[in-house]
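The values are calculated or read from the model by the stated rules, or taken from the named source; none is laboratory data. Computed from a predicted structure; not experimentally measured. A quick note on method: Cβ atoms are made from the backbone with ideal geometry, for glycine too, and the neighbour counts reach across all protein chains shown. Accessible surface is based on the protein model in full, side chains and every heavy atom, while ligands, DNA and RNA are left aside. Shrake-Rupley method; radii C 1.70, N 1.55, O 1.52, S 1.80 Å.
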Amino acid sequence: MKKLLPLLTLILLSGCSLRTLNPVSNSAEKITDLIYLSFAIMMLVLAVVFILFALFIRKYKERPETSDKIPKEKKENKLLEVTWTVIPIILIAILAVPTVKATYDITSTISGPDDGVSKEAVVVKVKAEQFRWEFTYENGKQTMDELVLPKDQKVTLRLSSNDVIHSFWVPRLAGKMDVRPNKENRLSFVPQVTGTFQGKCAEFCGAGHANMRFETKVVTQEKFEDWLASE
C-alpha cells in the first residue's frame, strides 16, 4: 500500500492540473463545474453508505449472548422504502438539471448555413477526414491541423466529416462533439486565455487515429485579425 500511495498521488495531481479540470473557456468551465458537482454527490453517497455500514455492523454483529437465538421477523418499513426510493431520484435530478442546461447552452445541431449563429461570432468550418483536420475561416483562409482563435470572442465551429465518424475534442476549451458525414454539428465557446492547446480526434476512426491531432492557438483579437488578413 505504501508503494502505491505515491503513484496514486501523482495520478491525482496530474489529472487535476491538466485538461478538463483546468478550463480556459466558458463552456469548459461549465463542464468542470459538472464534474465537481457529480464528484460531490458521489462522495456524499459514499460517506452515507460507509456510515450506515459501520452502524449496522456494530448493531447487528454476533454476540455470545445472542449467537444461538434466531432473530425475530420484522415487517417492512414503508417509510424507509419510500425514502430510499425518493433520495436517489432527488440526487439524479440535482445532477441532471444543470447537465441538461449546460449541454443545451454548449451544443446544438443546425440545419442551414446561417441558422442560430451570432453575427459577432467567429465562424470556422471544420472538416475531418482520415487522418487530418481542415479549418476554413469566413474569408476563405484555410489551415491544416492548426486552429487559430481570438481570445474573449465567441467562436462557432461547424463540424462535418468527409468519411467516417470522428470526434472533435480540445479538453481545456470544450467538450467532445461528434463529427459525422452528411451531418453538420455546431460547437460554441469563448476562449478566455491565450496559449496553445492540444486537440485530438476522440473517436477511433482507423489505423491512423492516434496521429489525428491538431493545435489550437488562442491569441489576442488584434493578433487574430492580423493573422486572418495575412497570406
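If you take the residues of the range 160-176 that are more than 14 Å from residue 199 (Cα to Cα) and of a type in the set (A, V, I, L, M), which of them is least open to solvent (accessible area, probe 1.4 Å)? Checked the range 160-176; the qualifying residue least open to solvent (accessible area, probe 1.4 Å) is 164.
Exactly one residue among 94, 110 is at pLDDT below 85, among the hydrophobic types (A, V, I, L, M, F, W, C) and more than 17 Å from residue 190 (Cα to Cα), and that residue is 110.
When only residues in the range 20-58 that are among the charged types (D, E, K, R) and in contact with a helix residue (DSSP H, G or I) (Cβ under 9 Å, 6 or more places away or on another chain) count, which is farthest from residue 169 (Cα to Cα)? Steps first, please.
Filtering the range 20-58 for residues among the charged types (D, E, K, R) gives 29-30, 33, 58.
Remaining after also requiring in contact with a helix residue (DSSP H, G or I) (Cβ under 9 Å, 6 or more places away or on another chain): 30, 33.
Numbers: 30: 15, 33: 18 Å.
So, considering only residues that are among the charged types (D, E, K, R) and in contact with a helix residue (DSSP H, G or I) (Cβ under 9 Å, 6 or more places away or on another chain), the one farthest from residue 169 (Cα to Cα) is 33.
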